[in-house]
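I have placed the structure first, in the form of structure tokens, so that the comments after it can refer back to it.
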Amino acid sequence: MTESNNNLVGLDKQELRDLAIALGEKAFRGDQLFRWIYRDRVQSIDEMTNISKTFRDILKRQTAVVPLAVEHKKVSVYDGTIKFLFRLKDNLKVESVLIPPTEAREISEDMRRLTLCVSTQVGCPADCKFCATGTMGFFRNLTVGEILGQIIEAGRHTPRRISNIVFMGMGEPMLNYENVMKSIDIIGDDEGIGISPRRITVSTVGYVKKIKQMADEGRKAKLAISLHSLDDSVRTRIMPINRKHNVDELIDAAQYYWKKTRQRVTFEYIFFEGLNDTEKDINMLRKLSGKVACKLNIIPFHPIYLPENSELRETLSPPAGDSVKKFVNRLQQQCDFPVMLRSSSGIDIDGACGQLAVKEEIKK
Ligand code: SAH
């Protein structure tokens, strides 16, 4: 088994088939295990009733269905968003956020939408200056079992079906590429978690090689890119990745992705008052459509704690008054691709974009 402990959660179909064979059974028993674990989400091997008692006993001696421990959960009084804090085996912690539809548009269009925002790493090495997770530093990658465990566990806290998965929690998914892609295969499998890959989104700060790899491998999940500025000098100040891959390289990679997959790319753009909200910014954004089929999500900056000596303390400001709405309106008038204002669901429980950080509790 490749999962680091004896947990069955995290093994893919082939690994479960191999396990069945190694334990003296036929390969199809592995397929049965796969369905019990991910589709039926059993909490123990004994619940796998179409598997013989003898094989169940053998399995129980070597393996288990290990749940991801919920340390606590917080529910937003405004919009019903739920934030989970999970405790991992080594006592490190990560968060996930379950987001019901909030916009009137979403509610009327799709009452069934329920999005889970999952983490891929403990902390994050990308070090974006505006992001709470970035201030934690980096601890380690999550295993496949820990990524899927967030979905399985969160699903137990709602009577509704989770319909969408966004890899927008703690961490940079492209730096844990293998485990994230393996998780997506299991999430997208009808016999597994069973959420269509069209409803799974991977968000990256801009690791261009991985963006191209996703395209080359024909991955069906959707791609989102955290853009935040098309001006190299601004983007470099707030996102260290821009020193490695500048804006041109990033947009080239997005274009490569679009040409190869014919899938529209989502650009995420945090609105910082006075920093990336000028006519010049609108002009640059408008021209994206000549290069890549896209849509643009504007996210109001959710302030985080910045150290007193941070030179960005004065620079990173949230929208004042209705400036973000006006910015979005101007973009909507000038761009020939969809531009949306993203909601700040879960803001009261520190569950909105960029607010995920496990503070003192992270220490072992
Ligand atoms: N590392 C990946 C996945 C995390 S996604 C990525 O950055 O794309 C989290 C999203 O929230 C990103 O678009 C990120 O830029 C945005 N975000 C981070 N900090 C934020 C803040 N303080 N306010 C609003 N959005 C923020």
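The values are calculated or read from the model by the stated rules, or taken from the named source; none is laboratory data. Given the structure is predicted, the values throughout are model-derived calculations rather than measurements. Glycine also receives a Cβ, built like all others from the backbone with ideal geometry; neighbour counts cover every protein chain displayed.
Matching residues to (1) in contact with a Leu (Cβ under 8 Å, 6 or more places away or on another chain); (2) crowded, with 16+ Cβ neighbours inside 10 Å; (3) assigned to a strand (DSSP E or B):
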{"position": "ARG61", "(1), (2), (3)": "no, no, no"}
{"position": "HIS72", "(1), (2), (3)": "yes, no, yes"}
{"position": "GLU95", "(1), (2), (3)": "yes, yes, yes"}
{"position": "ARG113", "(1), (2), (3)": "no, yes, no"}
{"position": "ARG140", "(1), (2), (3)": "yes, no, yes"}
{"position": "GLU146", "(1), (2), (3)": "yes, yes, no"}
{"position": "ILE151", "(1), (2), (3)": "yes, yes, no"}
Boolean, PHE84 is of a type in the set (A, V, I, L, M, F, W, C), in the same structural domain as ASP348 (by TED's automatic domain parsing) and surrounded by 21 or more Cβ atoms within 10 Å (Cβ to Cβ): yes
Listed by first then second residue, the pairs whose first member lies in region 298-323 and is among the aromatic types (Phe, Trp, Tyr), whose partner is surrounded by 15 or more Cβ atoms within 10 Å (Cβ to Cβ) and not in a loop (DSSP other than H, G, I, E, B), with beta carbons under 8 Å and at least 6 positions apart or on separate chains, are PHE301/ILE270; PHE301/PHE271; TYR305/ALA132; TYR305/THR135
Taking the stated definitions as given, is ILE251 assigned to a loop (DSSP other than H, G, I, E, B) and hydrophobic (A, V, I, L, M, F, W, C)? no
Just give me the residues in region 165-203 being of a type outside the set (Val, Ile, Thr), touching a Pro at 6+ places or on another chain (Cβ under 8 Å) and under 14 Å from ILE151 (Cβ atoms), in sequence order. PHE167, GLY188
Selected residue [free of Cβ contacts under 8 Å to residues at least 60 places away in the same chain and out of contact with any helix residue (DSSP H, G or I) (no Cβ under 6 Å at 6 or more places or on another chain)] from LEU23, LEU85, LEU114: LEU114
Would you mind stating whether VAL166 is under 28 Å from SER317 (Cβ atoms) and either within 14 Å of the ligand (Cβ to nearest atom) or assigned to a loop (DSSP other than H, G, I, E, B) (or both)? yes
Exactly one of (1) free of Cβ contacts under 8 Å to residues at least 12 places away in the same chain; (2) touching a Lys or Arg at 6+ places or on another chain (Cβ under 8 Å); (3) of a type in the set (D, E, K, R) is unmet by ARG61. Its number? (2)
